Amino acid sequence: MDKFVVRGGNPLLGTIKVSGAKNSALPCMAAAILTEDEVILENIPQVRDIETERKLLVSMGAEVELGYGRAQHRTSIKCALLSDPVAKYEIVKTMRASSLVLGPLIARTGVARVAMPGGCAIGDRPIDLHIKGLEAMGATVSYDHGYLEARSPNSGNNRLHGAHIVFDKITVTGTEDLLMAATLAEGETLFENCAREPEVTDLAALLIAMGAQIEGAGTGTIRVHGVPQLHGARHKINPDRIEAGTFLLAGAITGGDLNVDCCDPSHLGALIAKLEQCGVKIDVGTDHIRVRSGGDLKASDISTEEYPGFPTDMQAQFMALATQTEGTTTVTENIFENRFMHVGELNRMGANITVNGRTATIRGKTPLQSAAVMCSDLRASASLVLAALVADGETILDRVYHLDRGYERFEEKLRGVGAQIRRMGDVFGKK
Ligand code: EPZ
């Protein structure tokens with residue numbers, strides 16, 4: 001299993017480039033199911049979850065080209081014939097975002113069989129709100145040996161019908177899944193209490209380019225007027241705001257002077273405000289952000305919220321910075337029930353963090369020591385790398401395959417701005 005070896009102490013200096021957003025690319029790839037025409041997506045990140053999605057689409061009968069040539073990180077997807085509209089367990093168990101094919105499959109073919117995703121390290125991750133929405137649109141849902149089967153009404157033309165859906169909880173992929181289903185439903189669908197994440201807006205932009213009629217994406221209320229069919233399109237995926245935020249924190253924690261390039265600063269408002277409260281110097285450009293810190297940082301509390309609040313996907317990484325700020329920081333995780341897996345490992349490196357339910361208390365500033373640590377999930381892995389960048393000596397991080405799911409060439413990009421980080425063991429992607 002791959003490991004990282006990180007020697008701390010170097011401030012990060014120079015320019016680091018952000019890749020396309022994994023959490024935009026995944027729903028946009030699923031959206032290709034909605035048409036028999038070719039869909040071309042550019043700025044696709046070279047990460048493991050994208051490869052998993054490619055396998056999933058191919059297993060259903062799609063033709064998928066995925067190229068990371070010098071010029072473009074792009075994919076071409078053609079779902080002319082979906083010979084086997086089933087999301088099989090052996091793929092779904094490795095990536096719960098596979099449930100994003102549920103809505104498109106039933107909208108396009110009238111039936112969808114998707115292995116129930118099950119939980120993951122950060123929580124049990126139910127999809128009850130996806131199912132409730134599909135049933136409101138006329139689908140019948142049954143369960144069969146760990147698989148969920150959804151069928152559109154066999155009356156009439158076998159299409160879903162519009163509905164008024166108010167989400168009990170704000171769900172990102174729930175909003176995306178049902179938005180895709182609604183584009184081909186009969187009539188009008190009104191969604192309320194929707195997720196407002198930029199990834200939802202990015203997906204809606206693709207769907208509109210494919211001929212969908214959607215108003216309000218990016219707000220809490222989205223209205224969709226169903227159309228008989230969608231056509232192909234070409235779309236460029238948004239920059240990854242979580243990767244960009246991770247790099248901002250890397251510049252801050254190492255006391256560096258880092259230019260985070262090819263990002264969208266408008267997606268990072270909550271993090272930028274928080275970093276400034278900590279005493280980090282931030283200069284915002286049109287598609288880049290410069291982060292500088294002299295090292296003397298002040299504690300500032302965070303509480304994770306749905307967008308545009310402080311993102312849960314930045315919580316673990318911010319906690320690493322909090323260990324280097326003077327004072328006491330409280331971190332409240334309101335979105336997932338078990339997203340403090342990084343705390344134990346940070347404490348093993350010398351941090352002083354206690355957890356009580358959904359709140360962690362970090363007492364800083366504590367010098368961090370190198371240690372052998374274990375990655376547990378995608379963002380916890382990034383948090384441990386940030387801590388290792390300021391720890392004395394060499395930290396060995398095990399199970400970095402978690403990190404490879406959502407960060408493209410992470411160690412190469414960090415090395416390019418002065419980090420002492422290298423990968424040991426198998427190369428990413430080798431069997
Ligand atoms: C998306 O997950 C992201 N993944 C997650 O990023 C992110 O942490 C999360 O949104 C929150 O921003 C992708 O976009 C692929 P939710 P998602 O549905 O959609 C509960 C990363 O690190 N809920 O918004 O699965 C759920 O349990 C990943 O890149 C229900 O109860 O998250 C959670 O408590 C991790 N029933 C809350 O809602 C449902 O049917 C928010 O979950 C759906 C969700």
Between THR328 and GLU36, what is 0.36 nm times their sequence separation minus the Cα-Cα distance? Round to one decimal in nm.
99.6 nm
By how many degrees, between 0 and 90 and to the nearest 10, does the Cα long axis of helix 48-59 differ from the longest principal axis of the chain?
20 degrees
Directionally averaged projected area (convex hull, Cα atoms, segment 133-193), nm²
4.4 nm²
Placing each pseudo-label 7 Å from Cα in the direction of the beta carbon, THR219 and GLU394 end up separated by a distance in nanometres of 5.7 nm
Convex hull volume of the Cα atoms in the chain, per residue, in Å³?
125 Å³
Restricting the count to DSSP beta bridges whose residues both fall in segment 280-431, what percent are antiparallel, rounded to a multiple of 5?
60 percent
Model label zone, HIS145; criterion: amide N under 17 Å from point 7 Å along Cα-to-beta-carbon; scope segment 83-110:
85-93
dims of segment 267-325, Cα set, principal axes, largest to smallest, nearest Å -> 31, 30, 15
Cα long-axis angle, helix 198-209 against the chain (0 to 90 degrees, to the nearest 10):
30 degrees
Normalised contact order of the chain, rounded percent, pairs of Cα under 8 Å and 6 or more residues apart
21 percent
If you wrap a convex hull around the alpha carbons of segment 261-381, what volume per residue comes out, as a whole number of Å³?
105 Å³
For TYR147, what residues show an amide H to amide H distance below 5 Å, using hydrogens built from the backbone and excluding near sequence neighbours?
MET116
The orientation-averaged projected area of the Cα convex hull of segment 321-431, in nm², is 7.4 nm²
About its Cα centre, how strong a charge dipole does segment 168-300 have in debye, to the nearest 20, once Lys and Arg get +1 and Asp and Glu get -1 at the Cβ?
340 debye
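Please give the per residue accessible area of the chain, computed with a probe of 1.4 Å over protein heavy atoms only, in Å².
Spelled out: the 1.4 Å probe surface of the chain, per residue, equals 38 Å².
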Could you tell me what a quarter of the Cα convex hull surface of segment 147-297 works out to, in nm² with one decimal place?
11.6 nm²
Kirkwood Rh and Cα Rg combined as Rg over Rh, evaluated for segment 36-131
0.98
If I model a spin label as a point 7 Å beyond the Cα along the Cα-Cβ vector, how far apart are those points for ASP283 and ALA372 in nm?
4.4 nm
On Cα atoms only, tilt of 172-183 relative to the major axis of the chain in degrees:
20 degrees
Going down the list LYS22/LYS169; LYS132/LYS169; LYS3/LYS298, which pairs span over 21 Å between their C-alpha atoms?
LYS22/LYS169; LYS3/LYS298
In square angstrom, rounded to the nearest 10, how much accessible surface does GLU51 have for a 1.4 Å probe?
60 Å²
Distant-in-sequence amide H partners of HIS288 (H built 1.01 Å from N, under 5 Å):
CYS263
Using heavy-atom solvent-accessible surface (probe 1.4 Å) with all chains present, what is the largest-first order of ILE335, ILE353?
ILE335, ILE353
Largest to smallest accessible area among GLU215, GLU306, GLU197 [probe 1.4 Å]:
GLU215, GLU306, GLU197
So what does SER381 come to for accessible area, using a 1.4 Å probe and Å² rounded to 10?
0 Å²
Want the number for THR94 to LYS132: 0.36 nm per residue separation, take away the alpha-carbon distance, what's left?
11.3 nm
Based on the alpha carbons, how large is the Rg to Rh ratio for segment 360-407 when Rh follows Kirkwood?
0.99
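The values are calculated or read from the model by the stated rules, or taken from the named source; none is laboratory data. As the structure is a computational prediction, the values presented were derived from the model and not from experiment. Note that we place each Cβ from the backbone using ideal geometry, even for glycine, and neighbour counts take in every protein chain shown. Surface areas here come from the heavy atoms of the whole protein model, side chains and all, with no ligands, DNA or RNA. Shrake-Rupley method; radii C 1.70, N 1.55, O 1.52, S 1.80 Å.
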